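Novice: Next up is a structure, given as structure tokens.
Bear in mind these aren't lab numbers, they're just calculated from the coordinates by the rules spelled out. Everything numeric here is computed off the predicted structure, so don't read it as measured data. Cβ sites come from the backbone with ideal geometry, for glycine too, and all protein chains shown count toward neighbours.
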Amino acid sequence: MADEVAAKLQQQIALGKFKEHEKLPVEPELMKAFGVGRSTIREAVKILVNSGLLRVQQGLGTFVEKTTGIKESLTQRLKRSDIKNLDEVRQLLEMKIAEKAAAKRTPADIKKIKHWLDTRKNATNANELEKCIDADIQFHTAIAEASKNDILADLYKAFAVQLKDWFMQVHTNVSAFKDTQKLHEQLLKSIETGDTKKAWQVASEIISYDER
């Protein structure tokens, strides 16, 4: 909830509702405006203070520090992002990491990717949805690591962390994972054989299924 309030407050500042160096309304007014409790307002303000957007002056109040060039960690930014936008970026990443993994993978990488694919299959057959989702995320994370591009891998991991809860909401059973098991096996095969074009293509087919 604090993340949502922080995002809304940041948007208001960006749109000019509150100017640079202007004092924010007092806590009771913010509580009423956002329909939340005092602790949520304080946590939201703390988030924006840490990002450099606000400053708190004891005895005076909370002021807008700046309206542009906000310093905010990627993790914090992702927490307040629209989940569908996150998933769209994740899907783009999956195609690129598949291509790179096919070119850069090692035998150890293949072993790890295969382990999570087998775990995914077993969880699907056992109708264990949460385990299936975890294994699916770990499968693609292992591919990201096999790309040997630390930035791509870190980006994928950051996005994946935010998506598990959403997967639990959109998937009520394991049918989608069962339907795409063969595609995931083809993806592993293309990475194992070093076929970069095929890896990109299969990753794209998996994404196309996800968008149905």
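Novice: Fully extended, how many nm does the chain gain between Leu15 and Gln181 (0.36 nm per residue separation, minus their Cα-Cα distance)?
Specialist: Numbers: separation 166, 0.36 × 166 = 59.76 nm, distance 4.58 nm.
Additional length available on full extension: 55.2 nm.
Novice: Under the rule of -39500 (n - 2.57) per DSSP H run of 4 or more residues, summed and divided by the residues of the chain, what mean residue ellipticity at 222 nm is obtained, to the nearest 500 deg cm²/dmol?
Specialist: Values: 11 runs with 152 residues, N = 212.
Using -39500 (n - 2.57) per qualifying helix, the result is -23000 deg cm²/dmol.
Novice: Kindly state, to the nearest 0.05, the FRET efficiency for Asp165 paired with Glu205, given R0 = 41 Å and r defined as their beta-carbon distance.
Specialist: Values: r = 26 Å, r/R0 = 0.62.
Efficiency, rounded to the nearest 0.05: 0.95.
Novice: With angles folded into 0 to 90 degrees, how steeply does helix 129-146 sit against the dominant principal axis of the chain? Use alpha carbons for both and round to 10.
Specialist: So the inclination is approximately 80 degrees.
Novice: Return the label of the correct value of semi-axes √(5λ) of the Cα gyration tensor in Å, as calculated from the structure shown, out of (1) 31, 22, 16; (2) 27, 19, 19; (3) 42, 19, 13.
Specialist: Correct label, based on the coordinates given: (3).
Novice: Please enumerate, by chain and number, the aspartates and glutamates with C-alpha under 16 Å from the C-alpha of Lys17, excluding those fewer than 8 residues away in the same chain.
Specialist: Within reach: Glu29, Glu65.
Novice: I would also like to ask the following. Would you order Trp166, Trp116 from fewest to most other beta-carbon atoms within 10 Å of each residue's own beta-carbon? Before the final figure, lay out the partial values.
Specialist: Values: Trp166 14, Trp116 21.
Least to most surrounded, the residues fall as Trp166, Trp116.
Novice: About the Cα centre of segment 2-74, what is the dipole size in debye to 20, counting +1 per Lys and Arg Cβ and -1 per Asp and Glu Cβ, all else neutral?
Specialist: Details: 11 positive and 9 negative charges, 24 e Å.
I would put it at about 120 debye.
Novice: Just in segment 14-45: which GluC sites (Glu not before Pro) are loop by DSSP and have at most 16 other Cβ atoms within 10 Å?
Specialist: Numbers: sites: Glu20, Glu22, Glu29, Glu43; in loops: Glu20, Glu22.
Answer by residue number: Glu20, Glu22.
Novice: Of Thr62, Leu30, Leu9, which is farthest on the positive side of the dipole of segment 2-74, counting Cα position, with +1 on Lys and Arg Cβ, -1 on Asp and Glu Cβ, and the Cα centre as origin?
Specialist: Of the listed residues, the answer is Thr62.
Novice: Taking the 0 to 90 degree range and rounding to the nearest ten, how far is the long axis of helix 150-170 tilted relative to the main principal axis of the chain, both from C-alpha atoms?
Specialist: 80 degrees
Novice: So how tilted is helix 196-210 from the main axis of the chain? Cα-based, degrees 0 to 90, rounded to 10.
Specialist: 60 degrees
Novice: Can you give the extra length, in nm with one decimal, that the chain gains between Lys114 and Val89 once fully stretched, where that is 0.36 nm per residue apart less the Cα-Cα distance? Intermediate values should be presented prior to the final figure.
Specialist: Working: separation 25, 0.36 × 25 = 9.00 nm, distance 2.44 nm.
Length gained between Lys114 and Val89: 6.6 nm.
Novice: Quick check: pseudo-label points 7 Å beyond the Cα along Cα→Cβ at Arg42 and Ala126, how many nm apart are they?
Specialist: Distance between label points: 4.4 nm.
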